[in-house]
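See structure below.
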Amino acid sequence: MKYKVKDYATALAEILSENKFSDKKISQGLIKLLERQNDLKKSKEIIDLAEFLLAKKNNKKSITFETARELSASQRKTLLKSTEKGDIIKEKINPELIAGVKIIVDDEKQLDQTLLKKINKLFN
Amino acid sequence: MSQEILEKLKKSIQDYKENPEWEEVGKVVESGDGILKISGLSKVGMMELLSVESEKEQVKVLALNLEEDSVGGLVLGESSHIKAGNTVKRTKQLLSLPVGDQLLGRVIDPLGNALDGKGPIFSAKDKPQYNFLENDAPNVLAREGVNYPMHTGIKAIDAMIPVGRGQRELIIGDRGTGKTAVALDVIINQKEEENRPICIYVAVGQKESKVAKIVQTLKEQGALDYTIVVSASASSPAAYWYLAPFAGAAIGEYFRDKGKDALVIYDDLSKHAWAYRQISLLLRRAPGREAYPGDVFYLHSRLLERSAKLSKELGGGSLTALPIIETQLGDVTAYIPTNVISITDGQIYLESDLFYQGTRPAVNVGLSVSRVGGSAQTKAMKKVAGKLRLELAQFRELQTFMQFASDVDEVTKARINKGRIITEILKQPDLQPISFEKQVLVLYAALNGHFNKFQPKEMKQIEAKYLEYFSDLHKDIVDEIKSKRQIDEKLEEKIKEVIEKFLAAN
């Protein structure tokens, strides 16, 4: 039987939240399972989704800061002020944004404060 | 000019106001065949417009499938730029298009963009109304009975299958039986009509060349000034085919709600159903009979239910619908034809055999019916054409009997001749609709046996001469029928006298 990414991720998130087994044992088991199911190429997608589900279960957020250049230490500190302990923080570099920052929360909400958006708004 | 551009840009920059706000977003998971699977957007509404930020441009998407963890979207534009991972934003707007009198004489796509190269439809000063493509049909209290005729200019239809304003009359037949020709005649005939209705011609999946020809014909006949053409051509995506009839209805509703009369022709709903089937299958909705989705009936019923004659309190406007259905080998019992037959208030059935025999328009009188149009027919036409259907039926019976009989008496011969004359009278070339008052005069003479002395093959010339005789020498009678819309005894006497004079001279 073929499983969907969501099925793997939900199972992984549940097993991780139970805290019954060591991380090493869980990761070994997952790799073996994916190997057997010929789904190893989905592993990154599964882990990302499991991480997201786990955070959601613990009332934590998955926050992505998308910027044109790498954040400086002071910028990172400012941005992290608005986050909580346990939130999953990701940084993404996208030079097309030109300047500013785009904050994406739980892949569902977005605050776009980039120069690209401002220029688009100005000329469209 | 360059200074103007500079000033405009400077003003835009100066007036820019920063308005930071959280937006609801999702991500494209799958893209293909004009359909997107989107993750996130858990609060999106059905038929809500979404915006995909593809690499090159922002593409509009219509939310059609709301599932537990994803949204199925229909791309309304170029889908080749969209890739998995692109951000999708909510717009919190339902799909709508700008409507107004400025649309008259224009050719547009289902989203309201001009296709005729005549430039933008609305100027910067115009504030067009935006009408939803999907809209509720008027309720029972908002309606009143169909009571005013929508003259088609086609004798066979106006006499036997009358259509009223606010009615839904299906035009059904195989390919090449003259369905579009009937629809065009109806549009052209409105030119001289009282309270001229606005006509909307919706072309679904038709060749661009055919649409261009139709537009040219309407222009040549002087009918484009009061007509709007909504085109979703054969090369446009299925999404446009699906939306075109709804766009036509939305435009029609604008005029209807303003108290005017509007006529919308959906050419054709078979292709519309094909497009909906394609979209539904790509969205992985469960297929039903002939692979159509379960809600294909509702698709057409909610579209056609928007046609209505509104009550006087609501302005008394009307929206008449003439949907067209193409049958395969005359099979009216297929899924979509039976659906639309049951939704509409009657049908005009065009038959291939009649068409190839030379009876054009090839209306099969036996299978055609108008369920509500009778109450909208003028008294004059009712009086004249009341017995036409019966006369024709009797003639056909006699004609069948004749095939077996070798010797026929004079009375039967005369009746057959009369039947042939009536059949000839009902033939009518393309693009030559006749006003109802002239139809009344011709049918009066034919049904009362005044043309019996002529041969059926002469009828084309005789009819032309007869109408010319009335128009040139007795225009007062034609005008009286037009204004009074009925024939009283006095007028009937006058008509008889003129017919006698005409017969004496010919």
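Every number in this text was worked out from the coordinates using simple rules, so none of it is lab data. Please read all numbers here as calculations on a predicted model, not as lab measurements. With ideal geometry, Cβ positions are generated from the backbone for all residues, glycine too; neighbour counts draw on all protein chains shown.
Taking amide H as placed 1.01 Å from N in the peptide plane, A:Thr114 has its amide H under 5 Å from the amide H of A:Val101, each at least 5 places away in sequence or on another chain.
Here is the size of region B:219-330 from its Cα atoms: Rg then Dmax, 15.8, 47 Å. Helical runs assigned H by DSSP (4 residues or longer) give chain B a calculated mean residue ellipticity at 222 nm of -12000 deg cm²/dmol, each run adding -39500 (n - 2.57) before division by the residue total.
Its convex hull of Cα atoms gives region B:181-255 a direction-averaged projected area, equal to a quarter of the hull surface, of 4.9 nm².
Largest first and in whole Å, the equivalent-ellipsoid semi-axes of region B:1-140 read 29, 23, 16, each the square root of five times a Cα gyration tensor eigenvalue.
Converting the Cα gyration tensor eigenvalues of the protein assembly as shown into ellipsoid dimensions via √(5λ) gives semi-axes, longest first, of 65, 28, 18 Å. Selection among B:Val107, B:Ile188, B:Pro287 by position relative to the dipole of chain B gives B:Ile188 as farthest towards the positive end (Cβ unit charges, Cα centre). Note on region B:117-209: with charges restricted to the Cβ of Lys and Arg (+1) and Asp and Glu (-1), its dipole about the Cα centre is near 240 debye. Under the criterion of Cα pairs below 8 Å and six or more residues apart, the relative contact order for chain A equals 22 percent.
Computed across chain A, the Kirkwood radius stands at 16.6 Å (inverse of mean 1/r, all Cα pairs).
Taking a Cβ cut-off of under 13 Å around B:Leu390, the surrounding Lys, Arg, Asp and Glu residues balance to a net charge of +3, with basic ones at +1 and acidic ones at -1. No solvent, one uniform scatterer per C-alpha: report log10 I(q)/I(0) for region B:352-493 via the Debye equation at q = 0.22 1/Å, two decimals. For region B:352-493, the Cα-only Debye profile gives -1.60. Computed 3J(HN,Hα) for region B:24-40, one whole-Hz value per residue from the Karplus formula 6.51 cos²θ - 1.76 cosθ + 1.60 where θ = phi - 60°, is 7, 10, x, 10, 6, 9, 9, 9, x, 6, x, 10, 10, 10, 10, 9, x, glycine and proline marked x. Going from the residue with the fewest nearby Cβ atoms within 10 Å to the one with the most, B:Thr423, B:Thr412, B:Thr333, B:Thr320 rank B:Thr333, B:Thr412, B:Thr423, B:Thr320.
In the elastic network of chain A, a GNM with C-alpha springs shorter than 10 Å, the most mobile of A:Lys24, A:Lys32, A:Lys42 is A:Lys24. Among A:Leu33, A:Leu71, A:Leu49, the residue with the largest mean-square fluctuation in a Gaussian network model of chain A, with springs joining Cα atoms closer than 10 Å, is A:Leu33.
Send over the Kirkwood Rh of region B:248-397, from the inverse of the averaged 1/r over different Cα pairs, rounded to one decimal Å. Evaluated on region B:248-397, it is 17.7 Å. Using only Cα coordinates, the Kirkwood hydrodynamic radius of region B:58-152 works out to 17.2 Å.
In the distance distribution for chain B, Cα-Cα pairs more than 44 Å apart total 25 percent. Taking chain A as a Gaussian network of alpha-carbon nodes connected by springs under 10 Å, the highest mean-square fluctuation of the residues A:Asp106, A:Asp48, A:Asp87 belongs to A:Asp48.
Put a plus charge on the Cβ of each Lys and Arg, a minus charge on the Cβ of each Asp and Glu, and nothing anywhere else: the dipole of chain A about its Cα centre is then about 80 debye. Annotation for B:Lys125 and B:Glu68: the two label points, set 7 Å from Cα along the Cα-Cβ direction, are 5.8 nm apart.
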